[in-house]
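The values are calculated or read from the model by the stated rules, or taken from the named source; none is laboratory data. The structure presented is a predicted model; accordingly, all values stated were derived computationally and were not measured. Glycine also receives a Cβ, built like all others from the backbone with ideal geometry; neighbour counts cover every protein chain displayed. These area figures cover heavy atoms from the full protein model, side chains too; ligands, DNA and RNA do not enter into them. Shrake-Rupley method; radii C 1.70, N 1.55, O 1.52, S 1.80 Å.
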Amino acid sequence: MDFEPSERVRNLDARLSDFMDAHVWPSDSSWTHSVEAGQYPMELIDGLKAKARELGLWNLFLPGLKDDEPGTRLSNVEYAPLAETMGRLPWASEIFNCNAPDTGNMEILHLFGTESQRKRWLEPLMTGEIRSAVAITEPDCASSDPTNLSTTIRPDGDSYVVNGRKWFTTGACHPNFAFTLAFGLTDIDLDRPRHRRHSFVIVPANARGFRVVRNIPIMNHLAPEGHCEIEFDNVVVPRDNLLGEEGAGFAVAQARLGPGRVHHCMRTIGQCERALELMCERALSRSTFGNRLADYANIQDWIARSRIEIDQARLLCLYASWLMDRDGNKAARVLVSQIKVAAANLQIRVLDRAIQVWGAAGLSNDTPLAGLWTWGRALRFLDGPDEVHLRLIARNELRSVESRQGNS
């Protein structure tokens, strides 16, 4: 395996970095002021999106694009350094149409969508005209075991009727939010095997009975696009809104979550690099008791350990991406769980060190550190809690040893 970026990827990353330096970083204060005033800065975002698309910095994550679809055909390994560059500023991915959860929704609409679904939902997603959400987690059950999920998608003639409540549905407060993919029970009588009872349907944002209940703060931070609690109250959608086959919701979810988890990790590594830079800048510029912070052994240890851990995580992320590219998402399932756990915990450790070096300022919004720490803590739940992934990793390891023992 070779993780050296190709000339094409190096060129793309250089163009992306130049674009970030020229247009995105200088807009960060405007973005922040708008969000703090309770306004989503769509004029700013749309202007930057138009420039990015014109320069070909668009839909960088989709390898299976058709000739007539806008975007850049990159493998997961090729996309990794670009996602890392975008990830350094949390809101930047939207400018390049590479933001979650839209990337994952585009992936599964590509894989499972009908022609009419692609025309109505995928095409405007790919051109950046609309935003979307995916509604899986529920407040009234342990959603780490998805077979517990109880939202119902009841077949009724030529329609489905959706009832239930979801939360932490990212993107449902975005001004351009147009639809959510809703995950629920289509086998109401539970006649099928437990992993063949759930399905996905497409629910338009303007459907009667669909309601955003609230935007839930995460660690006291309110995301402008929303991590929302939503309600389905007898929402009727046509049968044509079924995504994939009835009862195949788990297969659709796995196809979506593999790349999505790795994309989160790629962006996390970029955020950790940014935190390490800020840690070093502060250590070099701040003095206590007659010495620079950079001269203290414990600060040097934090910097060194952060560098080691970031590089380790990057290599694991590239390895998982490489296996996904070579053998498919399913073959990389255990590696994806490994990097998902490693990256979330990496972000907490590196950001905690950076905050400590910055002192009280690190707790404030005068630096990005507190917000980045918050997101790292959230990642230990997003796309499955650490404990579920650790269980999968451990079971795989135990099966491997048992298999060797059985063959000896």
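Matching residues to (1) exposed (fewer than 14 other Cβ atoms within 10 Å of the Cβ); (2) modelled with pLDDT of 95 or more:
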position: D295; (1), (2): yes, yes
position: W302; (1), (2): no, yes
position: D311; (1), (2): yes, yes
position: L316; (1), (2): no, yes
position: R349; (1), (2): no, yes
position: R353; (1), (2): no, yes
position: W375; (1), (2): no, no
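Restricting the first residue to region 142-153 and requiring it to be in contact (Cβ under 8 Å) with a residue 12 or more places away in the chain and among the hydrophobic types (A, V, I, L, M, F, W, C), which pairs with a second residue that is open to solvent by less than 60 Å² (accessible area, probe 1.4 Å) and assigned to a strand (DSSP E or B) meet a Cβ separation below 6 Å and a spacing of at least six or different chains?
So the pair list comes out as I153/Y160; I153/V162; I153/G184; I153/S199; I153/V201.
Whether any residue in region 153-172 is part of a loop (DSSP other than H, G, I, E, B) and either over 26 Å from D102 (Cβ atoms) or open to solvent by 50 Å² or more (accessible area, probe 1.4 Å) (or both) is what I want to check.
yes
Out of all the residues in region 187-200, which are open to solvent by 10 Å² or more (accessible area, probe 1.4 Å) and either on the phi < 0 side of the Ramachandran plot or among the β-branched types (V, I, T) (or both)?
Those that are open to solvent by 10 Å² or more (accessible area, probe 1.4 Å) and either on the phi < 0 side of the Ramachandran plot or among the β-branched types (V, I, T) (or both): D187, I188, D189, D191, R192, P193, R194, H195, R196, R197.
Restricting region 96-133 to residues that are among the hydroxyl-bearing types (S, T, Y) and open to solvent by less than 10 Å² (accessible area, probe 1.4 Å), which is nearest to F179 (Cα to Cα)?
That would be S132.
Out of V262, V252, which single residue is part of a helix (DSSP H, G or I), touching a residue at least 60 places away in the same chain (Cβ under 8 Å) and buried (at least 23 other Cβ atoms within 10 Å of the Cβ)?
After ruling out the rest, the residue left standing is V262.
Is it fair to say P5 is touching a Lys or Arg at 6+ places or on another chain (Cβ under 9 Å), surrounded by 15 or more Cβ atoms within 10 Å (Cβ to Cβ) and part of a loop (DSSP other than H, G, I, E, B)?
no
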